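We did not get these values from a lab; they are worked out from the coordinates using the rules stated. Keep in mind the model is a prediction, meaning the values are calculated, not measured. Counting neighbours? That spans all protein chains shown, and the Cβs are built from the backbone with ideal geometry, glycine included.
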Amino acid sequence: MTHPALRDRSCPLCGSRDAAPEVRSRRRAELRTVDELRPFWFGIDKERRFFTYHRCRDCGLLYNRVFFDDAQLGALYGAMPPNMDLVPDAAIVATQRGYFEAVAARTSLTGGYLELGPDVGHVVAEAATHGSFDSFWLFEPNRASMIGCASRPRGARPGSSPT
């Protein structure tokens, strides 16, 4: 039985309610309260606990039918520490540069730039340095990361000091 504080939703692609469970963790997240799930949201633990993935019988999309609602997600993301704080800066910069290079090889680096979850802004800094974008749209639900990304002067590289 799904915990009543969680949202049971239709397929986000086609709107169908006809979906079959396909992948689940041993301990299913949809049976717990938001407070019980909070420790699993913030870190990587030995025990995997996630919401059951359902396959829509109408369009075939694999999605989490039961999930947090918008307010719960906002509270969880808002309280989350920056993801990159636990990893050495050189490793982060190299990894994020690799992500940028993989995308750059497949696009023109012009027009508008959209990034979901930019964390502290490593990839967008690469895009600003190496691309010719006319607009940037960043959506970062983690308030601590968003402050670090937004406070960086235009053109400053992550981890560098503005001159």
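For the reader, a short list of remarks on this structure follows.
- Applying 1/(1 + (r/R0)^6) with R0 = 30 Å to the Cβ-Cβ distance of Arg57 and Leu31 gives a FRET efficiency near 0.85.
- Over region 7-75, the hull volume per residue, using the convex hull of the C-alpha atoms, is 92 Å³.
- Simple spin-label estimate for Tyr99 and Arg38 gives 2.7 nm between the two label positions (7 Å along the Cα-to-Cβ direction from each Cα).
- Peptides 7-17, 104-114 ordered by average Cβ neighbours within 10 Å, highest first: 7-17, 104-114
- Computed E for Thr129/Arg106 - FRET, C-beta separation, R0 22 angstrom, nearest 0.05: 0.75
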